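Notes follow once the structure below has been shown.
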Amino acid sequence: ILRAFNRDGTERLENVRSLAKGPLVSSELLDMGAVNYYYTRQELLNVPEYLKLYFKASNGLSIYKNLNAWPYFYLAEQFVFKIEGKHLEKVKRGTAYLAKEDFFPLHENAGNSSIELKEFSYGKMVFDFSGNNEEFLVVADAWHSFWKAYAGDENLPIVKTNEIFKGVRLPKGEYTLTMEFDTSPYLPGVYVTIGFWIVF
């Protein structure tokens, strides 16, 4: 987050909870993160080509649509090896940036299968997938080891992609893909807390 906002050397962001006033931020990392809208308290005078006015309120608030934003989820067209400890630069749309151990050979028509988001709720995403080839799904949502993915009864590993996002290797076929955040590892801590409160 700090790199995305301060890349040109201007310290707009000192911590992740405070954004200082300053010129318009344009960042390939924000585009990759599917940041679709920007807002400002006053209408921009020189609007860049990649921004389109989406909403303007009477109090001066303006919302602009970012035409350069990557989709929230996509089927990767190619892989690029992500070097451990090195941050992403000059990212290319439709690419999945992976650690070497997560690579697999992508079919030449990769990215041409169909996937549709059917359900989205807190800690759960459900997709309908159809494809004649193995594909790789990228979701611009934070990776965590407690996320699980299932194609029917088959457990599919979720790997860190594009430095901080989720990626899933999809087998060919037609099925429903479910991604869920597994909260069961937190349960022992919850039970211990409840027990201590009862004793207290």
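Figure legend. Inter-residue proximity from region 31-42: first residues within 15 Å of Lys92 (Cβ to Cβ), second residues of a type outside the set (Ser, Thr, Tyr) and part of a loop (DSSP other than H, G, I, E, B), beta-carbon distance below 7 Å, spacing 6+ or different chains. Indicated pairs: Asp31/Asn68; Asp31/Ala69; Asp31/Trp70; Met32/Trp70; Met32/Val91; Met32/Asn162. Under the condition of being part of a strand (DSSP E or B), closer than 22 Å to Lys82 by Cβ and either acidic (Asp, Glu) or open to solvent by 40 Å² or more (accessible area, probe 1.4 Å) (or both), the residues counted in region 104-155 number 3.
State whether the residues of region 182-200 include one that is among the charged types (D, E, K, R) and closer than 24 Å to Leu29 by Cβ. Looking through region 182-200, none of the residues is among the charged types (D, E, K, R) and closer than 24 Å to Leu29 by Cβ.
Filter region 1-56 down to residues that are among the basic types (Lys, Arg) and either closer than 25 Å to Val139 by Cα or open to solvent by less than 100 Å² (accessible area, probe 1.4 Å) (or both) and give me whichever is modelled with the highest pLDDT. Here the residue is Lys52. Within region 57-78, the only residue that satisfies the criterion of being open to solvent by less than 50 Å² (accessible area, probe 1.4 Å), not in a strand (DSSP E or B) and not hydrophobic (A, V, I, L, M, F, W, C) is Gly60.
Conditions tested, residue by residue: (1) free of Cβ contacts under 8 Å to residues at least 24 places away in the same chain; (2) of a type in the set (Lys, Arg).
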site	(1), (2)
Lys65	no, yes
Tyr72	no, no
Glu77	no, no
Thr95	yes, no
Phe103	no, no
Glu119	yes, no
Asn132	no, no
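Just one of the listed residues (Glu174, Glu163, Glu180) is acidic (Asp, Glu), part of a loop (DSSP other than H, G, I, E, B) and either open to solvent by less than 40 Å² (accessible area, probe 1.4 Å) or touching a strand residue (DSSP E or B) at 6+ places or on another chain (Cβ under 8 Å) (or both), namely Glu163. Taking region 178-194 as the range and being among the aliphatic types (A, V, I, L, M) and touching a residue at least 12 places away in the same chain (Cβ under 8 Å) as the test, only Met179 passes. In this structure, Ile158 does not qualify as among the aliphatic types (A, V, I, L, M), open to solvent by 50 Å² or more (accessible area, probe 1.4 Å) and without any contact (Cβ under 8 Å) to a residue 24 or more places away in the chain.
The values are calculated or read from the model by the stated rules, or taken from the named source; none is laboratory data. Predicted model only: the values in this text are computed from it and were never measured. Quick reminder, even Gly has a Cβ in these numbers, built from the backbone with ideal geometry, and neighbours come from all protein chains shown. Heavy atoms of the whole protein, side chains included, go into the accessibility calculation; ligands, DNA and RNA do not. Shrake-Rupley method; radii C 1.70, N 1.55, O 1.52, S 1.80 Å.
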